[in-house]
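To start, the structure itself, in structure tokens.
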Amino acid sequence: MPRFFYALVCVTLLQANPMQTLKTWTKEFLNAQTKENTTLLPKASDDPAYKLEFAPYTLLYALGSVGPNSGVCLGVLFKGQLFKGFCAHGVNVVHLSKDRETLRLELLNRTPATPTTAPKETGYTLIFGLIKGTFYLTSLARLNQPPTYYSTAPTYAMGAINDALLDKLTTPPPPLAQAKVPQPTPSQSAAFAPKIQTANIGDYSLSTIYGPKEQCVEIKEYDRARGRFCLAGAGVVGFKTQGPYLELHLKPADAPAFILTFESVEGDLELKRYTQGSQVFYNQSKDDPHNTHPLPLSALTPKFLQGLKLR
């Protein structure tokens, strides 16, 4: 009887340990067999590095690796009960943080440097908001990239996140597939009238303007011009908006598109990213990670943008 009672107590303690349960989920998620070389972290169940207090909730995560395969499982502890969040493959580093009413989660795959290769870091940045007691995804981006998903609606609860959804929401559609406009040629009638694209973001209104010598995206605030981004000669211009984000596309006829990504911050538009093809001229998350020197729309003169390209 004493031996049976001791075993029963051990089982009860094991079930009552949220981190141990989370590590079991991680092991099952990685399909680890008992004979395989499995590593599970944290080693100590009370390691504070693997949890975040988000009163009245506690966020916990466990990392696992089986050979070359790695993954993470996340859980939420509430009133002594552990609720399963989600699991994801290809993760070996996690950063958890909070900002007011939002939870920020970075899922990283970090490859160290070797004598012949540079270190590499890929992954996702997820932001969750708490809506009526449930964590919902409000923003998703690939690491150091502008968000490809933004929503304040309760669409994807934390428990709905998985590898397939992460890939789906961070795979953008072909750029400007819907905004391509045929360019006039000398043989075409002077009455050529390309389709005009218009939209609003906050207090700003946007429209495309096509002329014989240049194609532009014009930005106005209460009918007052605030910015004009143009291409000389033939090309395609357009934009897309999602939540507080605006993306301008300026595609010359014979070169990759220039893409400028803005975020609406306290009524102004701030530049977050400026690229052409694989070239990155400015990335606020890397060049100014604390956003101590924001680049508002009013500062983005042609001369200033040219300076960013020549840095």
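Every read-out reported here was derived from the displayed coordinates using simple, explicitly stated rules and does not represent laboratory data. Keep in mind that what you see is a predicted model, and the values were worked out from it rather than measured. FYI the Cβ positions are ideal-geometry reconstructions off the backbone, even for glycines, and counts take in every protein chain you see.
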Three-way shape label, segment 197-309, alpha-carbon gyration tensor, a/c 1.5: oblate
Using a 10 Å cut-off around each Cβ, can you sort 83, 29, 128 from fewest to most neighbouring Cβ atoms? 83, 29, 128
Ranking of 237, 280 by count of other Cβ atoms within 10 Å, fewest first: 280, 237
Residues 70, 151 in order from fewest to most other beta-carbon atoms within 10 Å are 151, 70
GluC sites (Glu not before Pro), restricted to segment 65-145: which are DSSP loop and have at most 14 other Cβ atoms within 10 Å? 101
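Could you pull out the GluC sites (Glu not before Pro) across segment 242-304 that fall in loop regions by DSSP (anything but H, G, I, E, B) with no more than 13 other Cβ atoms inside 10 Å?
Answer in residue order: 266.
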Just to be sure I understand: with springs between alpha-carbon atoms less than 10 Å apart, which residue in 251, 213, 51 has the highest mean-square fluctuation in the Gaussian network model of the chain? 213
Test of understanding: in a Gaussian network model of the chain with alpha carbons linked when under 10 Å, which of 291, 283, 162 would top the mean-square fluctuation ranking? 291
Using a 10 angstrom cutoff on alpha carbons, build the Gaussian network for the chain and name the most mobile of 113, 44, 299. 113
Theoretical gain in end-to-end length, residue 93 to residue 157 [0.36 nm per residue, Cα-Cα removed]: 20.8 nm
